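Student: After the structure tokens below, expect a handful of questions from me.
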Amino acid sequence: MSGTDRPPVALVTGGGGDIGRAIALKLARMSTAVAIVDRDEAAARATAQLVEQGGARALAIRADVSLAPDTIAFVEAVETRLGPIGIFANNAGIEGVVAPLHEYPDETFDRVLQVNVKGVFLGLKHVLARMMQRGTGAIINTASTSAIRGRAGLAGYVASKHAVLGLTRTAALDVAGTRIRVNAVLPGPVESRMIRELEGQARDGGIALRRSNATAHGRPQDVANVVAFLASDEAAHVNGAAWVVDGGTTLA
């Protein structure tokens with residue numbers, strides 16, 4: 001949070017997707033304004049309209065989080081047009097394909113890591129630089145339960161989410177002793193375009209993505225609720241944590 005009585009500006013990358021949209025709408029209730037970044041400009045604008053309907057200001061920005069010039073530009077645009085970023089949901093990510101590691105396409109592996117790892121790194125780097133000047137802020141990286149377990153057929157995705165957790169812990173140590181916090185949320189299967197795509201590919205390839213069918217898919221709102229907590233002053237003593245949101249599927 002901002003450390004003042006004025007609610008902070010929130011930035012959500014991947015804000016045009018199912019989870020990103022739920023996060024943006026949740027953060028809109030605790031922010032003066034929400035910036036939504038996505039490669040899909042129409043999806044970002046749709047989220048921005050919903051935020052505005054809820055009473056908060058919104059800014060939709062088309063950008064590729066894996067590119068440093070795009071990241072520098074959208075961070076500058078948000079702070080110029082809306083104000084200092086107090087909450088950053090570093091959420092953008094892609095799934096890649098489902099294939100055994102020995103058949104996994106090199107170019108897909110590279111792209112997944114470029115978006116999911118380089119993109120998270122760039123967001124952390126350029127938002128943290130601003131937050132460090134002010135000495136306050138909350139960052140929540142979207143990892144996955146794939147950050148703490150293996151999944152057959154998802155070499156790129158699993159590797160990238162392990163890296164996101166490592167970046168979260170490193171950044172948390174870098175800001176220790178300040179009023180800035182960096183945490184990660186680790187969703188399990190969530191009803192969304194991404195999980196439908198992955199499960200469809202897995203069925204076609206005869207690969208089992210889950211160890212147990214005992215727990216239903218979560219909702220995007222379930223993830224957004226945890227992000228909102230981690231962004232709030234109620235989580236003031238939470239730094240470097242990995243919050244699993246999966247209904248217990250990692251226990252199976």
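Computed from the coordinates by the stated procedures, all read-outs in this text should not be read as laboratory data. Computed from a prediction, not measured in an experiment: that's the story for all the values here. Positions of Cβ are backbone-derived with ideal geometry, glycine not excepted, and every protein chain shown enters the neighbour counts.
Student: Which is farthest toward the positive dipole end of the range 9-245 among Ala242, Thr80, His162, measuring Cα position about the Cα centre, with Cβ charges +1 (Lys, Arg) and -1 (Asp, Glu)?
Tutor: Ala242
Student: Also: Under the Kirkwood approximation applied to all pairs of distinct alpha-carbon atoms, what is the hydrodynamic radius of the range 9-245 in Å?
Tutor: After inverting the pairwise mean of 1/r, the radius is 17.6 Å.
Student: Could you give the length gained on full extension between Arg149 and Arg81, defined as 0.36 nm per residue of separation minus the Cα-Cα distance, in nm?
Tutor: 20.4 nm
Student: Now a separate question. Work out the length of the dipole vector of the chain about its Cα centre, built from +1 on the beta-carbon of each Lys and Arg and -1 on the beta-carbon of each Asp and Glu, and round it to the nearest 20 debye.
Tutor: Here the chain has a charge dipole of around 500 debye.
Student: Please report Glu41, Glu107 as a ranked list, fewest other C-beta atoms within 10 angstrom at the top and most at the bottom.
Tutor: Lowest to highest Cβ neighbour count: Glu107, Glu41.
Student: If I model a spin label as a point 7 Å beyond the Cα along the Cα-Cβ vector, how far apart are those points for Glu191 and Ser232 in nm?
Tutor: 2.4 nm
Student: Full-extension gain between Arg179 and Ala46, please, as 0.36 nm times their residue separation minus the C-alpha to C-alpha distance.
Tutor: Here the answer is 44.6 nm.
Student: Still on this structure, I have one more. For the chain, what does -39500 (n - 2.57) per DSSP helix run (n ≥ 4), summed and divided by total residues, give at 222 nm, in deg cm²/dmol to the nearest 500?
Tutor: Rounded to the nearest 500, it is -13500 deg cm²/dmol.
Student: Still on this model: Could you line up Phe88, Phe109, Phe229 from fewest to most neighbouring Cβ atoms inside 10 Å?
Tutor: Phe229, Phe109, Phe88
Student: Report the label-to-label distance for Ala68 and Glu107 in nanometres (one decimal), using points 7 Å from each Cα along the Cα→Cβ vector.
Tutor: Once both label points are built, they end up 2.5 nm from each other.
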